[in-house]
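First the structure, in the form of structure tokens, and then the observations on it.
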Amino acid sequence: MSKRRSGQARRQSQIAVGSAVLSALIAGGIAVPAAADPPVGSKITAIPDAGLRPQADGLPTLPFGSLSQPRTLPQTAQAALQAQYTAAELELSVLGARRSELYQAYTNAVVAKAMADYAWRATADTLRAAKEAAEAAAVAEYQAAVKAPPRLGDSLGELGQLIPRTESTPETEAVLADLGTAQHEERQAYTVLTSAISAEQQSSTAYSAVEKEFKRKEIAFLELKRRLAELQSEADRVRERQEQNLGNYSPGKSNAGLVAAAKAQKAVLFALSQRGKPYRWGDEGPNTYDCSGLMLASYKAAGITLNRVAKDQYYGTRNKSVSKYALLPGDLVFFATDPSDWRTIHHVGMYLGDGKMVHAPRTGDVVRPASVSLSSIDFATRVVDAVAAPNQPSPTKSPTPSPTKTTSPSPTATTSPSSSSSPSAAPASSSPPPPKPAESPSPEPPAAESPKPTPTPTPTPAPAPAA
């Protein structure tokens with residue numbers, strides 16, 4: 001009995017030790033090889049070393065690619081260069097718009113400094129005149145004080161004649177007041193001039209930095225353009241020549257029952273007449289243009305004055321916004337980095353119709369027509385209100401053939417009874433009894449209302465039965 005109890009106690013102790021070891025291994029997350037298992041009943045002081053865990057060397061790969069990195073098709077050299085060219089073109093366009101803003105700010109700062117300098121010089125002249133008047137008044141008052149007799153009751157006696165009088169006249173007080181006012185105005189004008197000089201220096205520094213960056217990126221862009229031109233196919237060059245040569249173009253194309261106004265059509269024709277002239281930033285013609293300068297000159301030729309910069313041209317015509325799907329020739333189409341913010345507009349073109357526009361693209365390019373996708377247009381405005389399209393002459397021509405068609409069946413109707421009489425005569429000849437054909441032509445004459453069909457069939461069936 002004691003041996004049985006001792007055996008049960010031994011087994012319980014083994015189970016307890018095993019469960020403790022198992023709990024420790026589960027908690028530690030370390031798997032001990034079967035060969036390293038300690039003998040039952042031995043005292044365990046430490047967990048055996050299971051070796052280093054495998055280190056992750058990246059995301060698991062599948063036969064068709066990584067889990068988080070989608071499989072991409074290899075790009076051709078021309079496609080990769082085209083992507084760089086497009087990105088550089090957008091960056092250069094945005095930088096050019098920023099350069100235009102800073103140049104305008106610099107010009108305004110120069111004008112403000114000139115006006116502040118003029119105002120300060122005017123106050124300085126006024127102050128100089130006030131000082132001269134005050135000095136003259138002081139000298140006159142001193143001389144008058146010296147010549148005046150001594151005051152009664154003066155304890156100094158004859159020495160009082162050498163001391164000038166201290167009382168000032170109203171004229172002297174007025175001169176001194178003018179001097180104080182002139183000094184105050186001169187200090188204020190000088191403060192404004194100092195601020196204007198500082199603003200002009202800051203705007204000049206900012207513009208110079210952007211101008212330097214623009215020229216650097218422009219050189220890189222022109223190099224990309226040269227390399228891309230070398231890779232362009234002949235089909236692309238043919239398509240570009242076709243876009244530039246519109247032939248006999250008519251700006252009177254209609255959309256939704258409307259056509260462009262006469263002034264808008266005139267602006268379109270002027271813009272097209274400038275094809276081939278080089279792009280030059282800040283120019284408004286007549287030999288070179290930038291994008292907004294071409295729009296300005298085109299509508300100026302039609303008697304309408306637009307703002308100078310692309311975003312200002314949109315802001316000035318924003319009350320006449322037009323849907324991209326209702327564009328007419330002469331409408332202005334704008335492109336921005338943020339389609340929800342008109343202040344990010346960096347390019348403008350003039351719509352021609354049929355998915356084309358005329359614009360001055362960039363440095364190194366010329367004024368030319370180009371295809372434009374409606375999805376790429378961010379804003380569109382109409383400078384001059386459209387007019388209703390003239391009525392087409394096609395509906396007036398459609399009723400004229402209808403009476404001719406009605407008269408043409410009339411002779412066929414006259415021939416139809418003759419044909420109907422001919423088959424009536426045919427069965428009369430085939431059928432021996434004559435009464436059936438006699439009955440058949442009898443109802444036909446009133447339907448045709450002509451006496452001619454009745455005598456023609458009657459003589460033909462009559463000799464047939466006689467034969």
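A count restricted to the stretch 125-159 and to residues that are loosely packed, with under 13 Cβ neighbours inside 10 Å, at pLDDT below 80 and not hydrophobic (A, V, I, L, M, F, W, C) stands at 10. Looking across the stretch 329-345, the residues that are within 23 Å of residue 297 (Cα to Cα) and either in a loop (DSSP other than H, G, I, E, B) or hydrophobic (A, V, I, L, M, F, W, C) (or both) come down to 329, 330, 331, 332, 333, 334, 335, 336, 342, 345. Among 361, 329, which is closer than 20 Å to residue 93 by Cα, surrounded by 16 or more Cβ atoms within 10 Å (Cβ to Cβ) and touching a strand residue (DSSP E or B) at 6+ places or on another chain (Cβ under 8 Å)? Answer to the selection: 361.
Within the stretch 182-197, track down each residue that is closer than 29 Å to residue 142 by Cα and surrounded by 13 or more Cβ atoms within 10 Å (Cβ to Cβ). If the condition is that a residue be closer than 29 Å to residue 142 by Cα and surrounded by 13 or more Cβ atoms within 10 Å (Cβ to Cβ), then 182, 183, 185, 186 are the ones that fit.
Taken as a whole, the stretch 353-362 holds at least one residue that is assigned to a loop (DSSP other than H, G, I, E, B), of a type in the set (Lys, Arg), out of contact with any Pro (no Cβ under 8 Å at 6 or more places or on another chain) and more than 13 Å from residue 374 (Cα to Cα).
Within the span defined as the stretch 314-325, every residue fails to be in contact (Cβ under 8 Å) with a residue 24 or more places away in the chain, within 26 Å of residue 250 (Cβ to Cβ) and in contact with a Pro (Cβ under 7 Å, 6 or more places away or on another chain).
The set of residues from the stretch 285-302 being surrounded by fewer than 19 Cβ atoms within 10 Å (Cβ to Cβ) and touching a residue at least 24 places away in the same chain (Cβ under 8 Å) comprises just one member, 301.
The values are calculated or read from the model by the stated rules, or taken from the named source; none is laboratory data. What you are looking at is a predicted structure, and each value in this text was computed from that prediction instead of being measured. When we count neighbours, we look across all protein chains shown, and the Cβ atoms used for this are built from the backbone with ideal geometry, even at glycine.
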